[in-house]
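Working notes, structure below.
Throughout, read-outs are computed from the coordinates displayed, never taken from laboratory work. Just so it is clear, the structure is predicted and the values come from calculations on it, not from any experiment. With ideal geometry, Cβ positions are generated from the backbone for all residues, glycine too; neighbour counts draw on all protein chains shown.
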Amino acid sequence: MTEKQQEQLKEKIVRAIKTVYDPEIPVDVYELGLIYDIQILPKKNIHILMTLTSPNCPAAETIPADVKNRVEMIKEINEVEVEITFDPPYSSDLMSEEAKLELGFM
C-alpha cells in the first residue's frame, strides 16, 4: 500500500469516525479529541486507540462499538480493533477548535 493510499484510507476512517457522537455532547468523537491514534496495519487491519470523556461514561460500551462498526463499513478494511485507554486522561484541551466553539469553550 502506497503512502498516498494509506493517506486516503485514513481520511475515509476519520470521516467514518466523525459520524459517531457522544450521546450527551452534540460533537462527534473525533472533534472531541477522543481518538488518540489510528494505525493502518498489514492486510488493511485497523487499530484505533481512543479514550472516553470519563471512565464512568454512560456510553462507555456504545461509543467504541459504534466507532468499530462505522469503520468496518469501509469496504477496503479487513478487521478493526478499538482499544480504550485512560492514559493520558481526557481533557477538554484535546478538543478541536470547532468542538470548543460548538460547546462554548471559546
Original post:
Spin-label point model (7 Å from Cα, Cβ direction): what's the residue 15 to residue 72 distance in nm?
Top reply: 2.1
Subject >> Contact order relative to length of the range 1-47, as percent, for alpha carbon pairs under 8 angstrom and 6 or more apart >> reply: 24
**OP:** Specify which labelled value, from [x] 13.8, 42; [y] 15.2, 51; [z] 24.7, 84, agrees with Rg and Dmax of the Cα atoms in Å derived from the coordinates of the model shown.
**Re:** [x]
Original post:
Based on DSSP, what percent of beta bridges with both residues in the range 34-106 are antiparallel, to the nearest 5?
Top reply: 55
Original post:
How far apart, in nm, are two points set 7 Å out from the Cα along the Cα-to-Cβ line at residue 56 and at residue 92?
Top reply: 1.9
**OP:** List nothing, just return the count: lysine pairs in the chain, 8 or more apart or interchain, with Cα separation under 19 Å.
**Re:** 20
Original post:
Tell me, what is the percent relative contact order of the range 3-97, built from C-alpha pairs under 8 Å that lie six or more residues apart?
Top reply: 30
**OP:** Starting at the first residue of the range 90-98, write each ³J(HN,Hα) from the Karplus equation 6.51 cos²θ - 1.76 cosθ + 1.60 with θ = phi - 60°, in whole Hz, x for Gly and Pro.
**Re:** 5, 9, 5, 5, 7, 5, 6, 4, 4
